[in-house]
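Here's the structure we're looking at; comments come further down.
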Amino acid sequence: TVRIAHRRPRLADATLAAYHGRLQRALDELLKIMPDNKPRLKLQRIIKRFRQNLFVFLTDRAVSPTNNGSEQALRPCVIFRKVTNGFRSVWGADLYADVRSVLETARRRGLGILQALR
């Protein structure tokens, strides 16, 4: 999938659809295997549950093939947590997460902070 992602801008929609079908069939074959322990069973359940989200970048060119944007959005939170040694209360952590979520969404949509908070 990484090779496909690198070539995606140059590939036709029909080619991406063919790759998507091939990956879905390969996943079907893998999911037929019966897990022999709890961690593998858990992984199989998760893959089945979120299967429709695994290869979206092949059917929607607006979706990034990587999670780099999400990782970058989390970075300020990780730095804040490390610098402050975490939060003293659950409500403080929840409040910080809510505020960061609103601000990051506003940034991605090109909105000003005050406009987003309103």
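Condition check ((1) at positive phi; (2) of a type outside the set (Gly, Ala, Ser)) across all residues:
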position: ALA5; (1), (2): no, no
position: PRO9; (1), (2): no, yes
position: LEU16; (1), (2): no, yes
position: MET34; (1), (2): no, yes
position: LYS48; (1), (2): no, yes
position: VAL56; (1), (2): no, yes
position: ILE79; (1), (2): no, yes
position: GLY86; (1), (2): yes, no
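Can you tell me which residues in the range 57-77 are closer than 12 Å to GLU104 by Cβ and touching a Phe, Trp or Tyr at 6+ places or on another chain (Cβ under 8 Å)?
CYS77
Restricting attention to the range 105-118, and to residues there that are assigned to a helix (DSSP H, G or I) and of a type outside the set (Val, Ile, Thr), which single residue is least open to solvent (accessible area, probe 1.4 Å)?
ALA106
Output the number of the condition that LEU30 fails; it satisfies all remaining conditions of (1) more than 30 Å from PRO9 (Cα to Cα); (2) assigned to a helix (DSSP H, G or I); (3) open to solvent by 100 Å² or more (accessible area, probe 1.4 Å); (4) among the hydrophobic types (A, V, I, L, M, F, W, C).
The number of the failed condition is (1).
Filter the range 51-82 for residues that are open to solvent by 90 Å² or more (accessible area, probe 1.4 Å), among the hydrophobic types (A, V, I, L, M, F, W, C) and within 30 Å of GLY21 (Cβ to Cβ) and give the result.
ALA62
Each row is one residue, and each column tells you yes or no for (1) within 15 Å of the chain's Cα centre (by Cα); (2) touching a residue at least 12 places away in the same chain (Cβ under 8 Å); (3) part of a loop (DSSP other than H, G, I, E, B); (4) farther than 27 Å from ALA5 by Cα.
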position	(1), (2), (3), (4)
ARG22	no, no, no, no
ASP36	no, no, yes, yes
ARG45	no, no, no, no
LYS48	no, yes, no, no
LEU58	yes, yes, no, no
GLU71	yes, no, no, no
ARG81	no, no, no, yes
LEU103	no, yes, no, yes
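Suppose we filter ALA73, ALA62 for residues that are modelled with pLDDT under 85 and small (Gly, Ala, Ser); which single one remains? If you could, list the steps in order and put the result at the bottom.
Values: ALA62 fails: modelled with pLDDT under 85.
It is ALA73.
Residues of the range 83-101 being surrounded by 10 or more Cβ atoms within 10 Å (Cβ to Cβ) and basic (Lys, Arg), which ones?
Of everything in the range 83-101, just one residue is surrounded by 10 or more Cβ atoms within 10 Å (Cβ to Cβ) and basic (Lys, Arg), namely ARG100.
Quick one: LEU41 ticks every box in (1) surrounded by 11 or more Cβ atoms within 10 Å (Cβ to Cβ); (2) hydrophobic (A, V, I, L, M, F, W, C); (3) over 29 Å from VAL99 (Cα atoms); (4) modelled with pLDDT under 90 bar one, so which box is it?
Of everything listed in (1) surrounded by 11 or more Cβ atoms within 10 Å (Cβ to Cβ); (2) hydrophobic (A, V, I, L, M, F, W, C); (3) over 29 Å from VAL99 (Cα atoms); (4) modelled with pLDDT under 90, LEU41 misses just condition (4).
The values are calculated or read from the model by the stated rules, or taken from the named source; none is laboratory data. The structure displayed is predicted, hence computed values, not measured ones. Note that each Cβ is placed from the backbone with ideal geometry, even for glycine, and that neighbours are counted across all protein chains shown. These area figures cover heavy atoms from the full protein model, side chains too; ligands, DNA and RNA do not enter into them. Shrake-Rupley method; radii C 1.70, N 1.55, O 1.52, S 1.80 Å.
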